[in-house]
Amino acid sequence: MKIGITCYPTYGGSGVVATELGKELALKGHQVHFISYAMPFRLNHYIKNIFFHEVEISNYPLFEFSLYSLALASKMVEVATYEKLDLLHVHYAIPHATSAYLARQIMAKEKQLKIITTLHGTDITLVGLEPSFLHLVRFSIEESNGVTAVSRYLKEKTITNYHIEKDIEVIPNFIDCNLFRPVDGTSPLKHNIAPNGEKVLVHVSNFRTVKRVQDAIKVFDVVQKSIPSKLVLVGDGPDRGDCERLSRELHLSDKVVFLGKQEALTEILNCSDIFLIPSQSESFGLSALEAMSCGLPVISSSVGGLPELVVHNRTGFIAEIGDIERMAKYVLDLLTNEKKYSVFSQNARSRAVDFFRTDIVIPQYEAYYEKVLGG
Ligand code: GMT
């Protein structure tokens, strides 16, 4: 198949999923054309069957506000026409699904371009609900030829929030279990972070308010009072300054390590013992899946799609949003019981391998493409 993929190219789960999907499809012989304003960050080397088409944005003085959605639609038309695309698969509804709809309308006389929209999270649960976007998002979803959501939770939310009548297919996020895997032995990074054999808690996110990174710091504060430990925070975003301030206020500056955006995630995860994801909203929790695949038990909040990923009392623990004491208790429970920790660690890895492995999930997308193209 010839597939056009549009996503946000910067750090963020939806871009990661879209890029990894494109890479896997290309490996299977499909031709994949990424259409976005920049090269997706995980596409950092040449890969056979993958092409990138940059959306150029005109900065004519009259256009005080960027016309990205329109420029994207134009590029979609151009690529779909000249590369003879079978379908456009857009990730994150706003504005990608709307641009794709426009592209399809422009091409309607020459070609029946099919559009698949994958819903990821805040496009449905937060941004899309803003009055200025609600009608647009609803329309763009209804007009897509196919719609997928990354969890059952997100599917239900979409149906209730937008009164969607269209059928939505749940296709979960996936993980390359050969890349994200437990690695034995101590790395120089581990020695650097925890020179005295401290336990390591880790959190990875884009530091937006919905991630509640401050809760991770507060959980760690309780934990470090009982056992020698460190907290590694990976990523960057709007709440980072507040998190740094909180660490200083709690006198944790020498125990909380801010690593910023990192690409060597597997190495960092393999230096860590427990993954924290105390989010206020999380439609899936790809970062938690990456950690589980490396054998890390996950302590999460009970929101969104997290309970579809984390199995309470088996691969980790789930607590109410903001219940710092309980989350800390769960962390301590695992870190002070080696046998239990090891069982949870193996369970976490098995769950990633048994349910979310790339070669289980990618065929679901291929089958869905076939279905939409045949429909
Ligand atoms: O919706 C967002 O916050 C953005 C999006 C992203 O680009 O990071 O994240 C969402 O998509 C990920 C990939 O499907 C999911 O793993 C995240 O749970 C989801 N984020 C939220 O729901 C907050």
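The values are calculated or read from the model by the stated rules, or taken from the named source; none is laboratory data. Predicted, not measured: the structure shown is a model, and the values here were computed from it. With ideal geometry, Cβ positions are generated from the backbone for all residues, glycine too; neighbour counts draw on all protein chains shown. Surface accessibility is based on the protein's heavy atoms, side chains included, excluding ligands, DNA and RNA. Shrake-Rupley method; radii C 1.70, N 1.55, O 1.52, S 1.80 Å.
Quick look at the values:
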read-out	value
For segment 261-371: relative contact order, % (alpha-carbon pairs under 8 angstrom, 6 or more apart)	24 percent
Cβ charges +1 (Lys, Arg) and -1 (Asp, Glu), total dipole of the chain, debye	440 debye
Segment 242-298 - percent relative contact order, Cα under 8 Å, separation 6 or more	31 percent
For segment 188-355, with +1 on Lys and Arg beta carbons and -1 on Asp and Glu, the positive-most of Ala328, Thr209, Leu289 along the dipole	Ala328
Residues with amide H under 5 Å from that of Ile321, placed H, sequence gap 5 or more	Ser302
Cross-link pairs Lys23/Lys230; Lys190/Lys340; Lys155/Lys329; Lys109/Lys371; Lys23/Lys190 - those with Cα-Cα distance over 26 Å	Lys23/Lys230; Lys155/Lys329; Lys23/Lys190
Principal-axis tilt of helix 338-355 within the chain, Cα atoms, nearest 10 degrees	10 degrees
In Hz, Karplus ³J(HN,Hα) per residue of segment 193-204 (6.51, -1.76, 1.60; θ = phi - 60°; x = Gly, Pro)	7, 10, x, 9, x, 4, 6, 10, 9, 9, 9, 10
Most fluctuating residue given options Gly241, Gly316, Gly285, as computed from a GNM of the chain linking Cα atoms under 10 Å	Gly241
Backbone HN-Hα couplings from phi across segment 97-112 [Karplus 6.51/-1.76/1.60, Hz, Gly and Pro as x]	5, 6, 4, 5, 4, 4, 4, 4, 5, 4, 8, 3, 6, 9, 7, 8
Candidates Ile35, Ile360, Ile193: whichever shows maximal mean-square fluctuation once the chain is modelled as a Gaussian network with Cα springs under 10 Å	Ile360
Average accessible surface area per residue within segment 1-53, 1.4 Å rolling probe, Å²	40 Å²
Rounded accessible area of His312 (nearest 10 Å², 1.4 Å probe)	90 Å²
At most 15 other Cβ within 10 Å, DSSP loop - trypsin sites (Lys or Arg not before Pro), segment 187-270	Lys261
Estimated inter-spin distance, His312 and Arg42, nm [label 7 Å along Cα→Cβ]	3.0 nm
Where only C-alpha atoms are counted, convex hull volume of the chain per residue in Å³	147 Å³
Built amide H within the under 5 Å cut-off of Gln280, gap 5+	Lys211, Arg212
Cut-off of 10 Å, at most 13 other beta carbons, DSSP loop: longest stretch of the chain lacking such chymotrypsin sites (Phe, Trp or Tyr not before Pro)	66-375
At most 10 other Cβ within 10 Å, DSSP loop - trypsin sites (Lys or Arg not before Pro), segment 28-128	Lys48, Lys84, Lys109
Dipole of segment 188-355, positive end: most advanced residue of Leu259, Leu231, Pro307 [Cβ charges, Cα centre]	Leu231
Estimated FRET transfer efficiency (Glu142, Phe258; beta-carbon r; R0 41 Å; 0.05)	0.45
The chain: most fluctuating residue of Ala93, Ala264, Ala80 per GNM, C-alpha cutoff 10 Å	Ala264
Accessible carbon and sulfur surface of the chain relative to its total accessible area, %, 1.4 Å	52 percent
Normalised convex hull volume, segment 239-366, alpha-carbon set, Å³ per residue	129 Å³
Sparsely packed trypsin sites (Lys or Arg not before Pro) within segment 133-173, loop by DSSP, other Cβ within 10 Å at most 10	none
Residues with amide H under 5 Å from that of Val257, placed H, sequence gap 5 or more	Leu231, Val232, Leu233
Rel. contact order, % - alpha carbon contacts under 8 angstrom, at least six apart, the chain	13 percent
Rounded FRET efficiency, nearest 0.05, which uses the C-beta distance separating Ser187 from Lys225 and R0 of 35 Å	0.80
Dipole-positive endmost among Thr118, Cys271, Tyr368 within the chain (Cβ charges, Cα centre)	Cys271
